[in-house]
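See structure below.
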Amino acid sequence: MKQRLCIAALALAVLTVSLIVPGNAQKKGETRPLTSSQLMAGLVKPQLGVLQEGLKEAPADDEAWKKLATAAALLNESGHAMMADGRCPDEVWKQACRILDEASVKTLKLIEKKDAEGALESIAGITAACKHCHTEHKYKKK
Ligand code: HEC
């Protein structure tokens with residue numbers, strides 16, 4: 001009997017710890033299969049790269065501008081995906097997604113105006129969103 005109580009107490013302790021310690025929730029939404037890691041590696045990071053690379057010099061033609069607009073819009077969408085499907089755990093996450101939303105919209109508007117210099121500067125707003133969330137929520141690789 002005593003042993004059973006011990007096991008129950010241990011199970012409860014493990015459950016409590018797993019709820020408090022970050023690293024389990026937010027790795028994935030509640031119902032859809034995409035993990036946060038896949039979202040970052042497959043969408044967020046590559047599209048940020050498209051902006052950073054594509055704005056090093058003034059884009060050469062409409063095709064290049066189009067690619068930049070797509071990247072900014074996809075980054076914007078990724079912020080909404082991060083808020084969806086029960087993925088958002090707290091205010092920090094929510095704020096980071098709001099920063100990402102505003103900064104990517106701003107960048108997109110500058111791209112639509114073909115303001116290369118302005119758009120390049122506005123990337124800092126986007127990376128501020130990455131930092132805001134990662135400071136609290138990026139889990140260390142095992
Ligand atoms: C709202 C929170 C949030 C925002 C905003 C965010 N990230 Fe992340 N990011 C995460 C979380 C959570 C992980 C860890 C995922 C895991 O390992 O389960 C992560 C992991 C990553 C990784 C590692 C992916 C891998 O290979 O496992 C990269 C790269 C990354 N983020 C890039 C970015 C960039 C670039 C931005 C900004 C444009 C950004 N992130 C914005 C939450 C965020």
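Values in this text are rule-based calculations from the coordinates and carry no lab data. If you're wondering where the values come from, they're calculated on a predicted model, not measured in any experiment. When we count neighbours, we look across all protein chains shown, and the Cβ atoms used for this are built from the backbone with ideal geometry, even at glycine.
Between beta-carbons, use under 13 Å as the cut-off and find the net charge around residue 59, counting Lys and Arg +1, Asp and Glu -1. Result for the neighbourhood of residue 59: -3.
Using Cβ contacts closer than 10 Å as the measure, can you line up 78, 37 from fewest to most?
So the residues, fewest neighbours to most, are 37, 78.
In the frame of its principal axes, the stretch 101-140 has Cα extents of 39, 16, 10 Å, reported largest first.
How would you rank 137, 80, going from fewest to most other Cβ atoms within 10 Å of each one's own Cβ? Before the final figure, lay out the partial values.
On the way: 137 18, 80 11.
Fewest-to-most ranking of 137, 80: 80, 137.
By the rule of a C-alpha distance below 20 Å, with chain neighbours fewer than 8 residues away ignored, the lysines paired with residue 56 are 45, 66, 67, 106, 109, 113, 114.
Residues whose amide H comes within less than 5 Å of that of residue 28, counting only those at least five positions distant or on another chain, are 36 (H built at 1.01 Å from N in the peptide plane).
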